[in-house]
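The values are calculated or read from the model by the stated rules, or taken from the named source; none is laboratory data. Bear in mind the structure is a predicted one, so any value in this text is a computation, not a measurement. Cβ atoms come from the backbone with ideal geometry, glycine included; neighbour counts cover every protein chain shown. Keep in mind that these areas ignore ligands, DNA and RNA; they rest on the heavy atoms of the full protein, side chains included. Shrake-Rupley method; radii C 1.70, N 1.55, O 1.52, S 1.80 Å.
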Amino acid sequence: MSQINQTAALREWAQVVGAPHVITAASTLKDAETGTFATRHKVPAIVRPGTRAELQECMRIACRRQIPVYPISSGKNWGYGSRVPASDGCVLLDLGRMNRIVDFNEDLAYVTVEPGVTQAQLFAFLKERGSKLWMDATGASPDCSLIGNTMERGFGHTPYGDHFANSCGLEIVLPQGDVIETGFARYRNAKTSALHRWGVGPTVDGLFSQSNLGIVTRMTIWLMPAPECFQAYYFRCETDEGLTAIVDALRPLRMDGTIRSASHIANDYKVLAAVQQYPWEAANGQTPLSRDLMAQFRQEAKIGVWNGSGALYGTRAQVKEARRLLRRALAGKAARLQFLDDRLLRLASRFAKPYRWFSGWNLERTLAVLKPVYGLMQGIPTDHPLFSTYWRKRTSPPAAMNPDRDGCGLLWCSPVAPNDGRSAQELTGIASELVLRHGFEPAISITVLSDRAISCIISLGYDREVAGEDEKARRCYHELLSTLARHGYHSYRLGIDSMNAMGADSTYSDFLQDVKHLLDPDGILAPGRYIAPRSTRKSLTALA
C-alpha cells in the first residue's frame, strides 16, 4: 500500500462519507488496535459509511487504490479479536452508522436490520411497541451487533438460539462494490424474502458467514412469539465424572422436543468468575486457583463441579409435563434441580436477606448471577457476563465495562463435540488439564445447541498488565486448538491470529481461495479472515 494511494483514498472516502467520518486520530486508531490479547496489526484509518450506497463507493475506492479494508459492525468481538483486523495495515470500515431497522412484522415474527443495529436497540424497539415477540440475546454486551454475531454463527439461549439458522434474506456488498441479495430477496416482487431461507437454485448464504467474500448490509432475523408459560431450571452436579450422565440424560429430551432451547452447563471455575473476582488473598497471590481451593469456594458459594441451566417454553400443560420429564431424566444424576419463574424470582429477591440469616447461604449473590441468565432466556440483553472478563484484575470493574480499554485478558477457544456424555467428558478433561498446566483457570461452559452437537467455550482469563501473561495465554490457546483438533474436536469460531488454520483439507481450502480470487482478485476485503491467501498452507498442528 503506497502512501500516495492511501492519501488519495482518504481524500476520496471523505468526499463520499463526509470528512468527520474518516478518522486518523492516533488515539482512536490505537484503541482500534487493542483487543483482549496481544495484537500487532496496525490500523491506518477508520471510515464510517452511513448507507449501503456509501459503502459500495468505499469499496470501489479501496479496489481502485489497492487499500485493504476490514469491516466491523460494533467491534465487540471480545475473546476473538475485538475490532482488530486479521491482517496488518487494513483500514477499518466501521458500519455502526448503518443502524436502521428497515422492516418489522408482528404477525409473521420477523425484523430486518442493518449491521449497526445492536441487541439493546432491537430490545428497546420491541418493548416500545408492546410487541409479543422475543429476540434471542447472547451473553455479550447489549451493544453487540445482531448481524455481526449472526455472521460469526454465534448463539444465545432461547429456542431461536442458533442465530444463523434463524436468519434469511441477506443483502451483501461484494468486494468490488456490486450488490446481491440471497433467497427470494433476489426478486423485486417476492412476498417471501423474509420468510423462506432457500429461494430457488443454489443457496449462497453460508459463503458469507465467517468469510471475507462480502459485507452483509441487511438481514432478516426471525423472532420468537412469547410463550404462554416460561420457566427456567437450574441444577448442579457434585462430581466431575457426573457430566457424562448429565449430557446423556439431556440429549433425549432435546431430541424429542421436551427441551426446545439451548441448555448450558458451566463448570465451577466459570460460575465463580461470574460471582466474584480472583480470590487473591485466599490464594496467597498464587495462580492458577488450585482444585483444592476451588472445592472450598464451591462449598461456600453452594455451586457444583458442573452447573446447568435452561428454560422450558410452551403452554402451562406443556411446561408442567416437561418439568416432570426433566425431573425423571436427572433423578440421581443432578442435585438441587430447581425451577424458577417470575413469581418465585420476586419472592426469592424479597426474602434473600432473611433466608441468609437462618440458612447462612448468601442467596443475594446467587440471585445476582441467576437474574441476568434468567433474563437472557427471555431475550433480554445484559452486560453482566462482561464482569467475568475482569476475573484476574486486581481492581473492581468500572460501571461502564470495556475489556479492551481496561487491559482484561481474554481468549476464547470454541470446540464442538458430539452430544454424548463420553465426548463431553473427554473434551473437558483434556482442556482442564492443559489450561491448568499453562497456569490459567479452565473456565468452561457447554451449550447443548442442537439435537446432535454441543458447543463448548473455554475461557482463558488473565490480566494483560502482568508481564508475560499475553505470550503465556497465546501458547495455551494454540496448544488447546491443536490438541483438541488431534482428538477430533475442532473449533466453530477462531480468533484473528488463527483464522488461517482451519484444517488440512487442501481441496476445500483451494475451493474457497478460488471463490475469493473470483470475487476479490486483489485481496482487498478483509485479507486473512478465515480464507487464507492462496500461498498460505497451514494446519492446526503447525501452530502448536
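Could you list, in sequence order, all residues of segment 451-497 that are of a type in the set (K, R) and under 30 Å from P279 (Cβ atoms)?
R464, K472, R474, R475
Determine whether T217 is surrounded by 19 or more Cβ atoms within 10 Å (Cβ to Cβ) and touching a residue at least 12 places away in the same chain (Cβ under 8 Å).
yes
Taking segment 83-104 only, how many residues are over 22 Å from N5 (Cβ atoms) and either in contact with a Leu (Cβ under 9 Å, 6 or more places away or on another chain) or open to solvent by less than 10 Å² (accessible area, probe 1.4 Å) (or both)?
Residues of segment 83-104 that are over 22 Å from N5 (Cβ atoms), as a first pass: 83-84, 95-104.
Then keep just the ones that are either in contact with a Leu (Cβ under 9 Å, 6 or more places away or on another chain) or open to solvent by less than 10 Å² (accessible area, probe 1.4 Å) (or both); that gives 83-84, 95, 98, 101, 104.
Going through segment 83-104 one residue at a time, the tally reaches 6.
Residues in segment 510-521: is at least one open to solvent by less than 60 Å² (accessible area, probe 1.4 Å), under 23 Å from the mean Cα position of the chain (by Cα) and modelled with pLDDT of 95 or more?
Scanning segment 510-521 turns up no residue that is open to solvent by less than 60 Å² (accessible area, probe 1.4 Å), under 23 Å from the mean Cα position of the chain (by Cα) and modelled with pLDDT of 95 or more.
One line per residue, one yes/no per condition, for (1) more than 11 Å from the chain's Cα centre (by Cα); (2) of a type outside the set (S, T, Y):
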| site | (1), (2) |
| --- | --- |
| T138 | no, no |
| S141 | no, no |
| G154 | no, yes |
| T192 | yes, no |
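Kindly indicate which of A245, A273 is within 20 Å of the chain's Cα centre (by Cα) and hydrophobic (A, V, I, L, M, F, W, C).
Numbers: A245 fails: within 20 Å of the chain's Cα centre (by Cα).
Just a single option satisfies the conditions, and that option is A273.
How many of the residues making up segment 244-277 are in a loop (DSSP other than H, G, I, E, B) and open to solvent by 10 Å² or more (accessible area, probe 1.4 Å)?
Number satisfying all stated conditions: 6.
Hey, does segment 447-463 have a residue that's in a helix (DSSP H, G or I), surrounded by fewer than 18 Cβ atoms within 10 Å (Cβ to Cβ) and without any contact (Cβ under 8 Å) to a residue 60 or more places away in the chain?
The answer is no; no qualifying residue exists.
In segment 1-82, which helices (runs of 4 or more DSSP H) lie fully inside it and hold 3 or more residues that are closer than 29 Å to V113 by Cβ and among the β-branched types (V, I, T)?
none
Pick from segment 483-496 the residues that are open to solvent by 10 Å² or more (accessible area, probe 1.4 Å) and in contact with a Phe, Trp or Tyr (Cβ under 8 Å, 6 or more places away or on another chain): which of them is farthest from N149 (Cα to Cα)?
Of everything passing the filter in segment 483-496, I496 is farthest from N149 (Cα to Cα).
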